[in-house]
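Down below is the structure, laid out as structure tokens.
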Amino acid sequence: KAHAAAYVISAFRIAWFKVHKPLYYYAAYYSIRCNDFDIETMCKGYDAIKAKFDEINEKGFSAGQKETALADELQLAMEMYKRGIKFKMIDLNKSDAKYFTLDEEENALIFPFRGLDGLGENVAKMIVEERNKAPFLSIEDVQIRAKVNSTTIEKMKTLHIFDGMSESNQLSLFDF
């Protein structure tokens, strides 16, 4: 009986957070329970998430295991957007290696580095460690100090994670 009571109390706590502190609920849920993300779709908003969700559902049983897991995450993301909470792209200065970060001013969750497909946990931790030592000066600086491979750097460029950052530490006398 004590075990069942513990489950009920836990369910009440979870429900309370989902109703009264939804930003914290979704941050905890996505940080702990979810592993596969479609970061591009999830940051584009409700309509993009709904389209991807419908695409996976149309496949039916031919959808892969990863797609089926993603469909559950997308369904919760649609609920989240309906409640006025959104996702923000990975931020080189704010994102954590593993856990979603809160942006309470914009009522949003900032993706962690692990949300980027192809970026391993060790590299994600290295980015955060190096960022805490000193700010990154350039894309080249990120690649060298955090040991990020060139494929991942290119993916980060396409996701606009490096917007406003120079390509290398070299200064040019002729750029005006």
Translational diffusion coefficient of the chain at 20 °C, 1.002 mPa s, Stokes-Einstein with Kirkwood Rh over Cα pairs, in µm²/s as a whole number. 119 µm²/s
For the chain, the longest principal axis of the Cα atoms and the Cα long axis of helix 65-82 enclose an angle in degrees, to the nearest 10, of 90 degrees
Applied in sequence order to segment 45-54, the curve 6.51 cos²θ - 1.76 cosθ + 1.60 (Karplus, θ = phi - 60°) yields integer Hz couplings, x standing for Gly and Pro, of x, 4, 4, 5, 5, 4, 5, 5, 4, 4
Relative to the first principal axis of the alpha-carbon coordinates of the chain, what is the inclination of helix 2-20, with its axis defined by its Cα atoms, in degrees from 0 to 90 and to the nearest 10? 60 degrees
Measure off, as a whole percent, the carbon and sulfur share of the 1.4 Å-probe accessible area of the chain, all protein chains present. 54 percent
What residue among GLN65, GLN75, GLN143 shows peak mean-square fluctuation when the chain is described by a Gaussian network model with Cα springs under 10 Å? GLN65
Rounded accessible area per residue of the chain, 1.4 Å, Å²: 63 Å²
Name the most mobile residue of GLU73, GLU121, GLU154, meaning the one with the largest mean-square fluctuation, in a Gaussian network model of the chain with Cα contacts below 10 Å. GLU154
Pairs LYS18/LYS155; LYS21/LYS94; LYS94/LYS155; LYS125/LYS157; LYS21/LYS157; LYS18/LYS157: which are spaced more than 23 Å apart, C-alpha to C-alpha? LYS18/LYS155; LYS21/LYS157; LYS18/LYS157
From zero up to wherever the largest Cα-Cα distance of segment 37-104 sits, split into 5 Å bins and tell me the percent of pairs in each. 3, 17, 25, 22, 17, 10, 4, 1, 0
Run the reach check for LYS59 against lysines, Cα to Cα strictly under 16 Å, same-chain hits fewer than 8 apart removed. What comes back? LYS50
How far is helix 22-33 tilted, in degrees, relative to the longest principal axis of the Cα atoms in the chain, given as a value from 0 to 90 rounded to the nearest 10? 80 degrees
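The values are calculated or read from the model by the stated rules, or taken from the named source; none is laboratory data. These numbers were taken from a predicted model, which means no experiment stands behind them. What goes into the accessible areas is simple: the full protein's heavy atoms, side chains included, and nothing from ligands, DNA or RNA. Shrake-Rupley method; radii C 1.70, N 1.55, O 1.52, S 1.80 Å.
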